[in-house]
1. Quick check on my filter: what residues within region 61-71 are within 15 Å of residue 48 (Cβ to Cβ) and in a loop (DSSP other than H, G, I, E, B)?
2. Cβ-Cβ under 9 Å, sequence separation 6+ or interchain: first residue in region 176-192 and within 15 Å of residue 256 (Cα to Cα), partner of a type in the set (S, T, N, Q). Which pairs?
3. Taking residue 101 as meeting all but one of (1) under 18 Å from residue 248 (Cβ atoms); (2) assigned by TED's automatic domain parsing to the domain that holds residue 75, write down the number of the exception.
4. Modelled with pLDDT of 80 or more, in contact with a His (Cβ under 6 Å, 6 or more places away or on another chain) and not β-branched (Val, Ile, Thr): which single residue out of 23, 59, 15, 75 fits that description?
5. Check residue 224 against each of (1) farther than 19 Å from residue 144 by Cα; (2) touching a Leu at 6+ places or on another chain (Cβ under 8 Å) and name the one condition it does not meet.
6. Between 207, 200, 188, 221, which is outside any loop (DSSP other than H, G, I, E, B), assigned by TED's automatic domain parsing to the domain that holds residue 248 and farther than 27 Å from residue 157 by Cα?
7. I need the full set of residues from region 72-89 which are part of a helix (DSSP H, G or I) and without any contact (Cβ under 8 Å) to a residue 60 or more places away in the chain, in order please.
8. Just one of the numbered conditions (1) in contact with a strand residue (DSSP E or B) (Cβ under 9 Å, 6 or more places away or on another chain); (2) surrounded by fewer than 16 Cβ atoms within 10 Å (Cβ to Cβ) is not true of residue 220; which one?
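The values are calculated or read from the model by the stated rules, or taken from the named source; none is laboratory data. All figures in this text were calculated on a predicted structure; none of them were measured in a lab. Here Cβ is always computed from backbone atoms with ideal geometry, including for glycine, and neighbour counts include all displayed protein chains.
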Amino acid sequence: MDDDTDSTATDAEKSELGRFLTSRRAQLQPTDVGLRMYDERRRVPGLRREELAQLAGVSQAYYTRLEQGVSQGASAEVLDAIARALRLDETERGHLHDLAAASRAGSARRARKTGPEQLSDATRQLIASFGRTPVIVLGRRSDVLGWNRTGHALFAGHLDRDSPQDPDLRPNTARLVFLDPHTRELYGEDWLRKARDSVGRLRLAAGRHPDDPALAALIGGLAVHSTEFATFWAEHKVRAWDLATYQMHHPAVGTLEVTQQAMIDGVFEQQLSVPKELGGPGGDQTNPEQLFASGYAACFHNGLRLIAAQRKLRLADSTVSATVGLLAIDDGRFSLEVGLSAYLPGLTQAETDELVQATHQVCPYSNATRGNIEAVTITATV
């Protein structure tokens, strides 16, 4: 009986199509597809080639040549039969056909150097139509091609808001997920799922654009600098650009549950990621700008208590509340009016004013480079 070991082709000699087939075959057990499993020692994980060939209705010899990269002329009907046997979903089935097409092109395919991706006029109009709902537009390599003000503040407020305009400085969401500490903290417990989703989408792009040298360089660089990326990449899993919900821990706002809906501009393959729902800690739907504003006010409150403790001012019995008004959003900067109402027993009006002003000076979100705040007006009452 065939032990299914790859004696005629090393992994390096296999095509991407072969590696994908091998990985998917390894994930299926005979019992998963209705085959009886006898008490025997199996030398490979998952189905044997002969078992998969039987399910797909092709000869074992033909399927073996296909998986080893020797046969490159599989018809669409054969690929669909193999996809059914492997129980691939629609995204995986499309990826299988993409890899087969690249395999047929073979050595005749040449790397094509293309110009920088640009936002289409239709995509720009679509961004504008969402108003102040956070929006981020990604290219096929997961480069940020554009975002609106609240999209920038939600996903990457620590980066220059104008960076997507320069192709050499554009943030790349895959790089951010694996190499940027801020982004890892942003996704918190959901980082692992976000990371796998990012890799799966790059896999999908690599299947569609095997001749893109910039995409290949991105993948190679991530594999070198991140062992986690290299591990996930070797799994050969693909992910569709569709709907995903993540719990995010924004440094100013706190915990958010964000449902991201992706829409695709088919001509330029640009992904428009729009949070379908932006919920606060209680799960309620919240106006994004007010959510950010409230978060900045909360940070100010924490600073107020810290300064009071440093000055040995007793605030244990005090109460501090805030009202926040959004004056304007202009050129990427929030202009807020924060009204603080503080009940500070034992302090005079002068001491209260001094405490509030001292807090305002050290609050990190009074720095425009940290919180995108242009101006904060503080009022305090006893």
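1. 68
2. From region 176-192, the pairs are 183/173; 187/247; 188/247; 188/255; 189/247; 190/245; 190/247; 191/183.
3. Condition not satisfied by residue 101: (1).
4. Working: 59 fails: in contact with a His (Cβ under 6 Å, 6 or more places away or on another chain); 15 fails: in contact with a His (Cβ under 6 Å, 6 or more places away or on another chain); 75 fails: in contact with a His (Cβ under 6 Å, 6 or more places away or on another chain).
23 is the lone residue from the list that is modelled with pLDDT of 80 or more, in contact with a His (Cβ under 6 Å, 6 or more places away or on another chain) and not β-branched (Val, Ile, Thr).
5. For residue 224, the exception is condition (2).
6. Details: 200 fails: farther than 27 Å from residue 157 by Cα; 188 fails: farther than 27 Å from residue 157 by Cα; 221 fails: farther than 27 Å from residue 157 by Cα.
Answer to the selection: 207.
7. Of region 72-89, the ones part of a helix (DSSP H, G or I) are 76-85.
Within region 72-89, 76, 77, 78, 79, 80, 81, 83, 84, 85 qualify.
8. Going through (1) in contact with a strand residue (DSSP E or B) (Cβ under 9 Å, 6 or more places away or on another chain); (2) surrounded by fewer than 16 Cβ atoms within 10 Å (Cβ to Cβ) one by one, residue 220 breaks only (1).
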